[in-house]
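Trainee: Could you have a look at this structure, given as structure tokens, before my questions?
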Amino acid sequence: MPSWPYPLVFAHRLGGALAPENTLAGLQIAARLGVRAVECDVKLSADGEPFLLHDDTLPRTTNGSGPARALTLAQLRELDAGSRFHPAFAGEALPLLEELATLCRGGDILANLEIKPCPGREAETGRVVAEAACRLWKGAGVPPLLSSFSVEALQAAAATAPELPRGLLCVSPPADWRARLEAVGAVALHCHHASLNLERVDTLRRAGYAVMAYTVNDVMEARLLQSWGVDMLCTDRPDRLGELEGRC
């Protein structure tokens with residue numbers, strides 16, 4: 001298959017288990033560890049601005065309540081996205097996609113942007129995230145890799161910015177994986193690590209697709225997946241998996 005520009009290890013939700021998820025504090029910790037690529041979740045505020053958050057609702061990771069889609073960006077930025085993880089991160093804000101891009105490009109860190117639309121905003125989120133990614137990573141040597149469980153979001157992203165690479169997220173490789181990948185113009189399939197085996201990985205890669213396994217936190221398991229030819233490992237423990245890239 002053609003040369004793949006992304007590194008093996010991606011820090012899940014920026015800092016994995018080492019920081020509040022989807023925060024700049026997590027990105028900074030990943031950078032200090034020498035991580036070369038990160039994954040994060042991007043959705044839209046009530047006023048259509050892309051920011052980082054995994055859940056459709058706010059309480060699990062912030063001091064907010066209710067659906068994230070109901071708040072403007074200004075209101076979201078007032079929330080504390082760090083204290084629920086640990087008091088040491090009190091006051092950590094929900095990041096803008098623009099802030100992520102600035103820090104990633106300044107630190108030579110590559111990004112996998114998971115398009116995480118709130119219900120009913122699939123196409124809109126795919127379009128806006130793709131537009132922003134094109135603008136924010138303009139001229140970058142390696143563009144961000146867009147991914148999503150939402151076919152509608154990926155199709156909108158493809159229509160908006162066909163030059164950006166896309167990965168389809170599935171819990172396990174579906175029987176019609178080739179048709180699904182072709183439907184969104186994907187270059188990669190992202191699957192739960194337990195759903196993969198040597199035969200599946202080999203079949204996907206022989207067909208010209210890259211493979212990401214999530215969420216891989218055990219070094220021995222990571223080495224096995226690497227030996228099968230898995231191209232990317234998304235992990236909550238970038239500190240542990242650093243040895244696969246010579247960082248430890």
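The values are calculated or read from the model by the stated rules, or taken from the named source; none is laboratory data. Computed from a predicted model, the values in this text were never measured in an experiment. Reconstructed Cβ throughout: ideal geometry from the backbone, glycine too, with neighbour counts over all protein chains shown. With ligands, DNA and RNA removed, areas are computed over all heavy atoms of the protein, side chains included. Shrake-Rupley method; radii C 1.70, N 1.55, O 1.52, S 1.80 Å.
Trainee: Given the conditions (1) among the hydrophobic types (A, V, I, L, M, F, W, C); (2) closer than 29 Å to Asp108 by Cβ; (3) modelled with pLDDT of 95 or more, and given that Leu244 satisfies all but one, which numbered condition is not satisfied?
Mentor: Tallying (1) among the hydrophobic types (A, V, I, L, M, F, W, C); (2) closer than 29 Å to Asp108 by Cβ; (3) modelled with pLDDT of 95 or more, Leu244 fails exactly one: (3).
Trainee: A further question follows. Write out, first by first residue and then by second, each pair whose Cβ atoms fall under 7 Å of each other, whose residues are 6+ apart or on separate chains, and whose first residue, in segment 199-218, is within 22 Å of Arg237 (Cβ to Cβ) and of a type outside the set (Lys, Arg) while the second is in a helix (DSSP H, G or I) and open to solvent by 10 Å² or more (accessible area, probe 1.4 Å).
Mentor: Hits for this filter: Val201/Trp228; Val211/Arg205; Ala213/His193; Tyr214/His193; Val216/His193; Asn217/Arg240.
Trainee: Residues in segment 225-248 that are assigned to a helix (DSSP H, G or I) and either among the acidic types (Asp, Glu) or surrounded by fewer than 16 Cβ atoms within 10 Å (Cβ to Cβ) (or both): how many? Walk me through it before giving the result.
Mentor: Of segment 225-248, the ones assigned to a helix (DSSP H, G or I) are 225-228, 238-245.
Retained after the next criterion (residues that are either among the acidic types (Asp, Glu) or surrounded by fewer than 16 Cβ atoms within 10 Å (Cβ to Cβ) (or both)): 227, 239, 243, 245.
Counting residues in segment 225-248 that are assigned to a helix (DSSP H, G or I) and either among the acidic types (Asp, Glu) or surrounded by fewer than 16 Cβ atoms within 10 Å (Cβ to Cβ) (or both) gives 4.
Trainee: Which one of the conditions (1) open to solvent by less than 50 Å² (accessible area, probe 1.4 Å); (2) within 21 Å of Gln226 (Cα to Cα); (3) in a loop (DSSP other than H, G, I, E, B) does Leu189 fail to meet, given that it meets all the rest?
Mentor: With respect to (1) open to solvent by less than 50 Å² (accessible area, probe 1.4 Å); (2) within 21 Å of Gln226 (Cα to Cα); (3) in a loop (DSSP other than H, G, I, E, B), Leu189 is out only on (3).
Trainee: Could you look through segment 1-18, keep only residues that are open to solvent by 40 Å² or more (accessible area, probe 1.4 Å) and at pLDDT 95 or above, and pick out the one that is nearest to Gly167 (Cα to Cα)?
Mentor: Pro5
Trainee: Tally up the residues in segment 146-165 that are outside any helix (DSSP H, G or I), in contact with an Asp or Glu (Cβ under 9 Å, 6 or more places away or on another chain) and surrounded by 18 or more Cβ atoms within 10 Å (Cβ to Cβ), please.
Mentor: 5
Trainee: Select, from Pro143, Pro174, the only residue that is of a type outside the set (Val, Ile, Thr), outside any strand (DSSP E or B) and surrounded by fewer than 18 Cβ atoms within 10 Å (Cβ to Cβ). Give the derivation first.
Mentor: Values: Pro143 fails: surrounded by fewer than 18 Cβ atoms within 10 Å (Cβ to Cβ).
Checking each option against the conditions leaves just Pro174.
Trainee: Applying the selection to segment 177-186, what residues are surrounded by 13 or more Cβ atoms within 10 Å (Cβ to Cβ), hydrophobic (A, V, I, L, M, F, W, C) and farther than 18 Å from Pro5 by Cβ?
Mentor: Trp177, Leu181, Ala183, Val184
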